[in-house]
Amino acid sequence: MEKRIRVAVLFGGKSGEHEVSLHSAASVIQAMDLLTFEVYPILINRQGDWLTGEQALSVLEGKLEAEKLEAVRNQKRSLSIHGKNHGFPFLKWGELDVVFPVLHGTFGEDGTIQGLLEIADIPYVGAGVMASAVGMDKVMMKKLFAQEGLPQGKYTYFLRTRLEQEKGKVLDEVEAAFGYPCFVKPANLGSSVGISKAIDRKSLSDALKLAARYDRKVVVEEFIQAREVEVAVLGNDHPQVSVPGEIVSSGDFYDYEAKYVSGTSELRIPADLPEEKAEAIRRYALQAYQGIDCSGLARVDFFVRDADGEVLINEINTMPGFTPFSMYANLWQKSGLSYSHLVSKLVDLALERYQDKKKSITDFTVE
């Protein structure tokens, strides 16, 4: 029998998207063929402790099908943690072939875990340190989009310290720049956590306060009356782009509830778009993906403005959700790539990227 690929599925994390990560990890593990993969679940709990084996598997009960849960539980091998050091793992990294970090948000999707895995010298699924960091920080992301010449909506941002010291001036500046409605977001978070639609000064004040609970940088964006269209990107140096899909939200906007709880928002795949619009979206997605030097995967989100049909890039997500409501997986499903094949492809891309990095020398000794 051919040797199975030893994959650690790393999930949980200390971010506000901890629960989303549990569902994503369960979906990834569910899709893994245990004849091909030997799965090692690793949970980072909300306190930052790293847990393996039964401690990690137990939190997936009810999220992972019972048969697959038992099959993973019955695997002979068990990755272990040595010593006790809060927040830093003493793992037998040498037992692994690749890590699949299904972590969303800060302390996972932002380059921190990626840096740890680089130091550990182990292949991992997804973007590298820089692309992960840029993709997480909406301010830096938007600045790079502007550098790439990508069309986007108007925005501004404020540091939490200024909000605390000059909130009245901040409110005045936002009202003068955008008026109402407008959107307020933490700069470093995803899954629509901490996002609010402000419709007046009181709700704007509340929205700024909420966003500042999650991050030291708060982004304010103009309201754009538009269709929300997304594409999935897959690959390393030669990425491919899926068909576009449209989100028709069941709520006022596509918030956390609509994404992960109710599941009532409608996903229209492929989106009903003129071919030239669909092509522009795919082209911009590739430009954004390569512009931040992304690898592995990303979902790129766009607006198609109602007034004139202009395509505007919104953001790039370097580790999009893998829940049953996930747009990323659905986009590839409709593009001819099944979920299980998608997971396998991501592992292959991780190993490919690792081998490519190994070509770079690190010994600068002059002979």
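The values are calculated or read from the model by the stated rules, or taken from the named source; none is laboratory data. As the structure is a computational prediction, the values presented were derived from the model and not from experiment. A quick note on method: Cβ atoms are made from the backbone with ideal geometry, for glycine too, and the neighbour counts reach across all protein chains shown. Ligands, DNA and RNA are excluded from the accessible area calculation, which covers all protein heavy atoms including side chains. Shrake-Rupley method; radii C 1.70, N 1.55, O 1.52, S 1.80 Å.
Which of the following residues is outside the structural domain of residue 319 (by the TED database) and at pLDDT below 95: 172, 110? Show your work before the answer.
Details: 172 fails: at pLDDT below 95.
Of the residues listed, the single one that is outside the structural domain of residue 319 (by the TED database) and at pLDDT below 95 is 110.
Rundown of residues vs (1) part of a loop (DSSP other than H, G, I, E, B); (2) under 17 Å from the mean Cα position of the chain (by Cα); (3) over 21 Å from residue 122 (Cβ atoms), yes/no style:
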| site | (1), (2), (3) |
| --- | --- |
| 10 | no, yes, no |
| 20 | no, yes, yes |
| 29 | no, no, no |
| 33 | yes, no, yes |
| 38 | no, no, no |
| 48 | yes, no, no |
| 57 | no, no, yes |
* Count, please, the residues in the stretch 229-259 that happen to be modelled with pLDDT under 95, among the charged types (D, E, K, R) and assigned to a loop (DSSP other than H, G, I, E, B). => 2
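Please return the ranges of helices (runs of 4 or more DSSP H) entirely within the stretch 260-367 where 2 or more residues are within 30 Å of residue 156 (Cβ to Cβ). Write out each step before concluding.
On the way: elements: 275-291, 327-334, 339-357.
Filter on the stretch 260-367 gives 275-291, 327-334.
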* If you take the residues of the stretch 161-195 that are of a type in the set (A, V, I, L, M), in a loop (DSSP other than H, G, I, E, B) and open to solvent by less than 30 Å² (accessible area, probe 1.4 Å), which of them is farthest from residue 215 (Cα to Cα)? -> 193
* Across the stretch 196-215, what is the total count of residues that are open to solvent by 40 Å² or more (accessible area, probe 1.4 Å) and at pLDDT below 95? -> 2
* Structure fact -> Taking the stretch 201-223 and keeping only residues that are in contact with a Leu (Cβ under 8 Å, 6 or more places away or on another chain) and polar (S, T, N, Q), one is left with 205
* Asked: Any chance the stretch 26-39 includes a residue that's crowded, with 24+ Cβ neighbours inside 10 Å and farther than 15 Å from residue 65 by Cβ?
  -> no
